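Heads up, the thing below is written out as structure tokens.
The values are calculated or read from the model by the stated rules, or taken from the named source; none is laboratory data. All values reported here derive from a predicted model rather than from experimental measurement. Quick reminder, even Gly has a Cβ in these numbers, built from the backbone with ideal geometry, and neighbours come from all protein chains shown. With ligands, DNA and RNA removed, areas are computed over all heavy atoms of the protein, side chains included. Shrake-Rupley method; radii C 1.70, N 1.55, O 1.52, S 1.80 Å.
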Amino acid sequence: MDYGHSERPADSAPLPTAVKILVAGGFGVGKTTMVGAVSETRPLRTEEVLTAGGAAVDDLSGVEEKTTTTVAMDFGRITISDDLVLYLFGTPGQDRFWFVWDELTLGALGAVVLADTRRLADCFPSVDYFERRGTPFLVAVNCFEGARRFELDEVKAALNLDPEVPVLLCDARQRSSGKQVLIALLEHAKKLRAQASS
């Protein structure tokens with residue numbers, strides 16, 4: 001076998017396009033859940049048990065039942081079509097792990113910012129981060145049971161988002177819901193790219 005020969009056989013199918021997507025948002029908003037629900041492979045998780053030592057820096061208001069936290073990233077993969085595969089990187093939610101974000105963002109097409117209407121302010125840092133970097137993003141409101149429902153326009157106004165930033169509802173536990181969010185992000189990023197090149 002000639003391992004130095006780089007051409008693919010003529011009858012082989014073309015490789016799918018690989019796209020990197022970030023799933024971001026505040027602590028306990030459902031990033032790990034979404035990546036796990038959507039991924040067609042067993043997701044890689046870097047979760048650690050919350051300890052008493054972190055009580056001074058981890059605000060558990062609204063997520064008192066949470067027992068673990070992502071310390072580096074979550075990773076999963078989903079095939080959208082024969083020619084498109086998404087690689088999902090879930091970011092850590094706490095400020096003390098933000099040093100990881102710059103590395104994770106390199107080469108990303110865009111980001112999903114998950115929001116929880118019980119703690120909407122927790123997604124401000126993610127929105128600000130992607131706005132400053134010029135990274136296409138959308139906001140997906142994770143519909144937690146018992147959380148008050150708001151109109152999407154109300155959420156957009158509360159977050160002071162630019163008019164073109166999509167805001168939609170989702171259930172991070174449901175694969176179909178997460179997939180629709182990802183498709184909406186791809187369409188949004190494609191639209192922004194077309195506008196920039198025209």
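Quick look at the values:
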{"item": "Flag if residue 195 is under 18 Å from residue 34 (Cα atoms) and open to solvent by 80 Å² or more (accessible area, probe 1.4 Å)", "result": "no"}
{"item": "Of all residues making up the stretch 137-155, the number that are surrounded by fewer than 17 Cβ atoms within 10 Å (Cβ to Cβ) and outside any loop (DSSP other than H, G, I, E, B)", "result": "3"}
{"item": "Unique match (being part of a helix (DSSP H, G or I) and farther than 11 Å from residue 25 by Cβ) among 119, 132", "result": "132"}
{"item": "Every pair of residues 6+ apart whose Cβ atoms lie under 7 Å, when the first sits in the stretch 161-184 and is more than 18 Å from residue 78 (Cβ to Cβ) while the second is among the small types (Gly, Ala, Ser) and outside any strand (DSSP E or B)", "result": "166/184"}
{"item": "Residues within the stretch 106-126 that are buried (at least 21 other Cβ atoms within 10 Å of the Cβ) and β-branched (Val, Ile, Thr), tallied", "result": "2"}
{"item": "Top-ranked residue in the stretch 9-47 [being more than 20 Å from residue 114 (Cβ to Cβ) and outside any loop (DSSP other than H, G, I, E, B); ranked as modelled with the lowest pLDDT]", "result": "17"}
